[in-house]
Structure formats: structure tokens, C-alpha cells
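Below: the structure, in C-alpha cells.
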Amino acid sequence: MDRAAPQAAGGTGTEDIAKVLDVLRLLWDDEYLIGHNDEHGWWASRRGVIGHIMTANSPEELGEMLGDDFGPGR
């Protein structure tokens, strides 16, 4: 199996991940640090709150989590 096979099997290549991160950051960058890696998948951490890290299996799931989490006092 070549190096691209695991990403292709998951349906998300490096370029696709970068595009999705751009969209999530456009919407949520003021409130959250957002990223993606092989170990944790899609993740976000609320700025200014230590230990508040959310992880998700898809960018759609993370977006829903961010929408549910966003608000004063959280």
C-alpha cells in the first residue's frame, strides 16, 4: 500500500483537510483553536480556557459541537 492509501481510504486528503480547516477557522477562529491530526482527528480548544478540548470524527461533527458549546459562560 502506498503512503496516500490511508488518507484516500478515509476520503480526506491533506488538501481537503486544509480546505475544511479554513472554513472552520473562518467561522470559529475568534473563539477556538481548531486543527486536525492523525492521533485525535478533528479537534478544537476554546481560547482562554485550559483543558477544554473537543475531538470529533468528522468536521461536520466538530462544527455541531462548536455550535452547541458556543455561548457566554462556557
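The values are calculated or read from the model by the stated rules, or taken from the named source; none is laboratory data. Here the structure is a predicted model, which is why all the values come from computation and not from measurement. Cβ: placed from backbone, ideal geometry, glycine included. Neighbour counts: every protein chain shown.
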For segment 32-74, which residues satisfy the criterion of being of a type in the set (A, V, I, L, M) and farther than 17 Å from residue 18 by Cα?
49, 50, 53, 54, 65, 66
Pairs only if they're at least six apart or on different chains, beta carbon under 7 angstrom, first in segment 24-38 and among the hydroxyl-bearing types (Ser, Thr, Tyr), second surrounded by 13 or more Cβ atoms within 10 Å (Cβ to Cβ); list them, first residue then second.
32/44; 32/45; 32/46; 32/66
Entirely in the chain, the helices (runs of 4 or more DSSP H) that have 3 or more residues that are modelled with pLDDT of 95 or more
14-28, 59-69
Just give me the residues in segment 31-74 being surrounded by fewer than 15 Cβ atoms within 10 Å (Cβ to Cβ) and under 18 Å from residue 14 (Cα atoms), in sequence order.
37, 38, 39, 40, 57, 58, 60
